[in-house]
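The values are calculated or read from the model by the stated rules, or taken from the named source; none is laboratory data. The structure displayed is predicted, hence computed values, not measured ones. Reconstructed Cβ throughout: ideal geometry from the backbone, glycine too, with neighbour counts over all protein chains shown.
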Amino acid sequence: MNAPESPSDTCLVTGASSGIGLAICNELLATTTLSVLAVSRGAQSCDALDQLSARFPGRLSALNCDLCSDSHRQALGENIAAGNLVRVINCAGLLHDHDRALWPEKRIEDVTAEGLHSLFSVNAYMPILLARDMLALMPKDRPCLFASLSARVGSIGDNGLGGWYAYRAAKAAQNQLLKTFAIEMGRRRPNLCVLMLHPGTTDTPLSAPFQKNVSKEKLFPAHRVARALLGLMDAATPGDSGRFLAWDGQDIPW
Ligand SMILES: NC(=O)c1ccc[n+]([C@@H]2O[C@H](COP(=O)([O-])OP(=O)(O)OC[C@H]3O[C@@H](n4cnc5c(N)ncnc54)[C@H](OP(=O)(O)O)[C@@H]3O)[C@@H](O)[C@H]2O)c1
């Protein structure tokens, strides 16, 4: 999806206040001419986004938005001119919360309705609702992209370890929902490419509590992951729509 850009072309990056989303904003500003709309619940009070905005004047707008809220997603759409949204990169995700009320389950006894609901809201329902709500803003007549961060642990075929019930299942549900979206768009919007992407284990607040058994070579810095993922997005064509890809371009089994 390496089409020529005009300055009014916009890339929406969600999860922009932290980790991979923040690194993607940085990389997009440094290597493209796109306008970047950086979104998360706390984007407008994020110092790192403020600094990026100062380094790239007029290129970055930050917007507070709880993407699980219908009214917030609607308000988000009002900030984008129809036809200008050439890329959506959904990096918002949830594995645990700060006070550990939400924590990946090790045993069946740890599974709760609240945990399933919270993880499904952010990792499964939100991406497809975001796709639904952003579609009308994306161009029909030229290449455009909807990419969403999934996770290898969402692969049912690759599940050899168990555990992490809600996160695994929510990412698997995201994959099924976005694969279905990709198939429909293949008929209705042949210029749109839909990708599900696994970043690899990346050094961010999301993975921080689980890094102690990860070797140094397998724990990637966010800036490196951002480059790898944007490389995949640049190379993707509508013919790649519906693929579930790892950071190195390998297909991941469903
Ligand atoms: N890090 C890894 O090793 C790894 C591995 C596999 C997959 N992933 C996936 O990659 C994606 C990015 O992960 P990360 O490691 O960069 O995570 P992170 O550092 O924890 O960032 C998550 C982002 O999501 C935003 N967010 C969460 N809930 C939201 C909501 N309801 N509305 C709007 N924004 C929301 C957070 O911002 P606010 O708190 O300001 O809303 C934050 O910007 C996630 O989907 C994750 O599952 C990560």
Check your understanding: In the stretch 210-254, what count of residues is obtained for those that are under 24 Å from L34 (Cβ atoms) and in a helix (DSSP H, G or I)?
Key -> 17
Practice item. Hand me the list of helices (runs of 4 or more DSSP H) wholly inside the stretch 1-109 holding 2 or more residues that are at pLDDT 95 or above, within 9 Å of the ligand (Cβ to nearest atom) and crowded, with 19+ Cβ neighbours inside 10 Å. Key: 19-31
Check your understanding: For the stretch 9-40, what are the residues that are farther than 22 Å from W247 by Cβ and touching a helix residue (DSSP H, G or I) at 6+ places or on another chain (Cβ under 9 Å)?
Key -> T10, L37, V39
Point to revise | Every pair of residues 6+ apart whose Cβ atoms lie under 9 Å, when the first sits in the stretch 161-187 and is within 23 Å of E114 (Cβ to Cβ) and within 12 Å of the ligand (Cβ to nearest atom) while the second is in a helix (DSSP H, G or I) and of a type in the set (D, E, K, R) | key: K171/R152
Check your understanding: Which ones in the stretch 138-165 are within 18 Å of the chain's Cα centre (by Cα) and in a helix (DSSP H, G or I)?
Key -> R152, V153, G154
Study note, to complete from the structure: For the stretch 115-133, the count of residues that are in contact with a Gly (Cβ under 8 Å, 6 or more places away or on another chain) and surrounded by fewer than 19 Cβ atoms within 10 Å (Cβ to Cβ) equals 1
Revision key, fill the gap. Among G93, G83, the single one that is in contact (Cβ under 8 Å) with a residue 40 or more places away in the chain and at positive phi is G83
Point to revise | Test for L129: is it in a loop (DSSP other than H, G, I, E, B), at pLDDT 95 or above, closer than 17 Å to D66 by Cβ and within 23 Å of the chain's Cα centre (by Cα) | key: no
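Away from the ligand (no atom under 11 Å from the Cβ) and farther than 22 Å from K171 by Cβ, is that true of A131?
Details: away from the ligand (no atom under 11 Å from the Cβ): yes; farther than 22 Å from K171 by Cβ: no.
Here the answer is no, as A131 does not meet what is asked.
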Revision key, fill the gap. Residue count, the stretch 192-230, condition exposed (fewer than 15 other Cβ atoms within 10 Å of the Cβ) and small (G, A, S), comes to 2
Review point. With respect to the numbered conditions (1) surrounded by fewer than 19 Cβ atoms within 10 Å (Cβ to Cβ); (2) within 16 Å of the ligand (Cβ to nearest atom), which one is the sole condition not fulfilled by T237?
Key: (2)
